[in-house]
Amino acid sequence: ILWTQIECSKPLAKRLWQSVVKEKINNQRLVLEYFNPSSPVLSDLDVLARRVKSGDPENMEAQAARRYCTALLGPDFRRDFQSGLENALLNYGYSVLRAATARAACGAGLTPALGIHHHNRKNPFALVDDLMEPFRPLVDKSVREIMDGKNRPSGDLTPEIKRHLARVLDEDVVLERGSSTVMNALHRLAQTFVRSLQEKDNVLEFPKFRQANHLF
């Protein structure tokens, strides 16, 4: 599999990244609609998802993120790793998701350092950062639930809050073969990533999100 990753052509890598970005934006839309079905940003995300081209050269991912984050977490929200309760929650939730994605990638025999979009010699998990992108909105959803809840933390993250964020891996999603968990969906995505490299075609399988036994 290592040589298959190394030999992945740039056009294939760009098509795979296009698929990842479109899925991420569509999932951001689902989460935002769940909390605010009348948000004008929903139509913006629809447009941006349709405009994602191979390799996302116009960076629709970043444009979508700016609109989505402020619509979901408030107009004053800024993604800053070092400040704010929301950022502390996001950092922890994303770290849980990143670790699970790394396990899935390694379990499929992939080398985590060889990404299709993220490229940094100091980042040994570039591929992990690629594959986890469509799942980030589930962490965002958990963070919004915590911020809206009665037991909103006022300082350090409590063990209870951390457990809440870690439960994202047990969320119910839908794959082609039926209902599953996010953890299983990550393994399935890694497996279909391997198939995409082997078949030189985009056969990535992403899950559909569920909430209370209904797609949202």
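The values are calculated or read from the model by the stated rules, or taken from the named source; none is laboratory data. Just so it is clear, the structure is predicted and the values come from calculations on it, not from any experiment. Ideal geometry is used to build each Cβ from the backbone, glycine not excepted, and the neighbour counts take in all protein chains shown. Please note that ligands, DNA and RNA were not included when accessible areas were found on the heavy atoms of the full protein model with its side chains. Shrake-Rupley method; radii C 1.70, N 1.55, O 1.52, S 1.80 Å.
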Give a residue-ordered list of calculated ³J(HN,Hα) values for the stretch 64-72 (Karplus: 6.51 cos²θ - 1.76 cosθ + 1.60, θ = phi - 60°; whole Hz; x for Gly, Pro).
-> 5, 4, 4, 5, 5, 4, 6, 5, 7
Length gained if E33 through I6 is fully extended, taking 0.36 nm per residue and subtracting the Cα-Cα distance, is 5.8 nm
Note on the stretch 1-126: contact order normalised by length, alpha-carbon pairs under 8 Å, 6 or more apart, percent, works out to 27
Cα-Cα longer than 30 Å, checked against K22/K141; K122/K150; K14/K141, kept in input order, equals K122/K150
With θ set to phi - 60° and the Karplus curve 6.51 cos²θ - 1.76 cosθ + 1.60, what are the ³J(HN,Hα) couplings of the stretch 23-36 in order, to the nearest whole Hz, using x for Gly and Pro?
-> 5, 4, 5, 4, 6, 4, 4, 4, 5, 5, 4, 4, 8, 9
May I ask for the Kirkwood hydrodynamic radius of the stretch 105-216, worked out over all distinct Cα pairs and given in angstroms to one decimal?
-> 15.7
Values of log10 I(q)/I(0), in the order q = 0.14, 0.21, 0.24 Å⁻¹, for the stretch 1-74 under a Debye, Cα-only, solvent-free model | -0.48, -0.82, -0.97
Report the paramagnetic label zone for N91: residues of the stretch 113-155 whose backbone N is under 14 Å from a point 7 Å from Cα along the Cα-to-Cβ axis.
-> 155
Roughly speaking, to the nearest percent, how much of the chain's 1.4 Å accessible area is carbon and sulfur?
-> 49
With Cα atoms, 0 to 90° folded angle of helix 85-107 axis to the chain main axis = 30
Relative packing of 14-23, 169-178, which averages over residues the other C-beta atoms within 10 Å, highest first = 14-23, 169-178
Show the residues, 5+ positions off or on another chain, whose built amide H is closer than 5 Å to the amide H of V173.
-> S180, T181, V182
In the Gaussian network model of the chain, springs joining C-alpha atoms below 10 Å, which of V182, V47, V143 carries the largest mean-square fluctuation?
-> V47
For the chain, what's the relative contact order in percent, using C-alpha pairs closer than 8 Å and at least 6 residues apart?
-> 23
Percent of alpha-carbon pairs separated by more than 13 Å within the stretch 89-137 | 52
For the chain: accessible area per residue (Å², 1.4 Å) = 52
Compute the distance in nm between two label points, each set 7 Å from the Cα along the Cα-to-Cβ direction, one at K150 and one at N59.
-> 4.4
Tilt of helix 41-50 relative to the longest C-alpha principal axis of the chain, in degrees (0 to 90, nearest 10)?
-> 0
